[in-house]
1. Ignoring ligands, DNA and RNA, what percent of the 1.4 Å accessible area of region 1-47 is carbon and sulfur?
2. How much accessible area does residue 71 have with a 1.4 Å probe, in Å² rounded to the nearest 10?
3. Using a Förster radius of 22 Å, what is the FRET efficiency between residue 90 and residue 11 based on their Cβ-Cβ separation? Nearest 0.05, please.
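The values are calculated or read from the model by the stated rules, or taken from the named source; none is laboratory data. Remember, predicted model here, so these are calculated numbers, not experimental data. Glycine also receives a Cβ, built like all others from the backbone with ideal geometry; neighbour counts cover every protein chain displayed. Accessible surface areas use protein heavy atoms only, side chains included; no ligands, DNA or RNA. Shrake-Rupley method; radii C 1.70, N 1.55, O 1.52, S 1.80 Å.
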Amino acid sequence: ALGSSHTFSFWLSNVGSADAVNIRLSDVFPLPYSVVSASSPCTVNLGKTDPFAHAFPYYLIILLISMNRISCLWGNLPAGARLQANATYVVSSNKAFQGARVSNCATVMFDGPTSPSNEGCDTNLIQ
């Protein structure tokens, strides 16, 4: 609902037969979501330190994209193990978003012979 606060949980599972090494999660929350906080070991980039925003106006798009970025870094995840991280966000109270379907996608990467990445998405109807 417009103006409401929610917690989004990220669950990572290693279904492989070997340890996953140097696990990284990245998620850019789209408008109308504003990230408020994230659990450790995650950090929230609110775009306040983007050096390009002031020097080059055409980088404003990059600043807007990075404003709600969550980055998480872990060490190893043994085969069969699971991790969890949480992010708290607020839905804009702007009525222009009411009725919109909004998709949010997170990408998980790790180091390995194939350096795979996985993406998970969630779509919600803003009411």
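1. For region 1-47, the apolar C and S fraction of the accessible surface comes to 56 percent.
2. Solvent-accessible area, nearest 10 Å²: 50 Å².
3. Plugging the Cβ-Cβ distance into 1/(1 + (r/R0)^6) gives 0.50.
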